[in-house]
Amino acid sequence: RGKDEKYRVRMPKLRMVKEYKDKRKSIDDVERNIFKFKKSSEEKSKKMDKEEKLFRETFMYDKEIRVLATATAERSVPSQRRADLPLTAGEQLDVIDALQGHAVICRNAQGRFGYVLVEHLNFR
């Protein structure tokens, strides 16, 4: 054994500076958070697609969905029918289509569509 140790080349241990280790950990954490964000946005987009498909079937809407205006709900209103959109006071809504009469088709932040009476909305 003595002879083997004599000819053995010792490699120095590479040591990382503590600051570099901390920085590397924080970079890894950020990357992990980005991946989590992407996953949740994918789930959200799938839900929005599902809501849009349901909207097209329910309302027989075959036109392109375009936002005509943005409105704020003045008061909370529960939905009376399945086609109505329930409102909470101060909620931001996208107006998709204006119909003949007092109702408009709106979309809320969760992606749900429905009829809303114009008298419940505040247009800026």
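The values are calculated or read from the model by the stated rules, or taken from the named source; none is laboratory data. In this text the structure is predicted, and so the values were computed from the model without any measurement. When we count neighbours, we look across all protein chains shown, and the Cβ atoms used for this are built from the backbone with ideal geometry, even at glycine. Accessible surface is based on the protein model in full, side chains and every heavy atom, while ligands, DNA and RNA are left aside. Shrake-Rupley method; radii C 1.70, N 1.55, O 1.52, S 1.80 Å.
Report every pair of residues separated by at least 6 positions or lying on different chains whose Cβ atoms are under 6 Å apart, first residue within segment 105-117 and open to solvent by 10 Å² or more (accessible area, probe 1.4 Å), second of a type in the set (A, V, I, L, M) and in a strand (DSSP E or B).
Every condition considered, the pairs that remain are R107/I96; N108/L93; Y115/A103; L117/A103.
Determine which member of the set A73, A69 is touching a Ser or Thr at 6+ places or on another chain (Cβ under 7 Å) and in contact (Cβ under 8 Å) with a residue 40 or more places away in the chain.
A73
I'm trying to understand the selection: among the residues of segment 84-102, which are of a type in the set (G, A, S) and within 19 Å of E64 (Cα to Cα)?
Initially, segment 84-102 is screened for residues of a type in the set (G, A, S), giving 89-90, 98, 101.
Hit for segment 84-102 is A98, nothing else.
Answer yes or no as to whether V95 is over 20 Å from the mean Cα position of the chain (by Cα) and open to solvent by less than 50 Å² (accessible area, probe 1.4 Å).
no
Would you tally the residues in segment 60-78 being farther than 18 Å from D97 by Cβ, assigned to a loop (DSSP other than H, G, I, E, B) and either touching a Pro at 6+ places or on another chain (Cβ under 9 Å) or hydroxyl-bearing (S, T, Y) (or both)?
Selection size over segment 60-78: 2.
Restricting to segment 49-75, what's the tally of residues that are open to solvent by 70 Å² or more (accessible area, probe 1.4 Å), hydrophobic (A, V, I, L, M, F, W, C) and under 12 Å from D94 (Cβ atoms)?
Residues in segment 49-75 being open to solvent by 70 Å² or more (accessible area, probe 1.4 Å), hydrophobic (A, V, I, L, M, F, W, C) and under 12 Å from D94 (Cβ atoms): 2 in total.
Find all pairs meeting these conditions: Cβ atoms under 6 angstrom apart; at least six residues apart or on different chains; first residue within segment 42-59 and over 12 Å from Q110 (Cα atoms); second residue modelled with pLDDT of 85 or more and among the aromatic types (F, W, Y).
F55/F113
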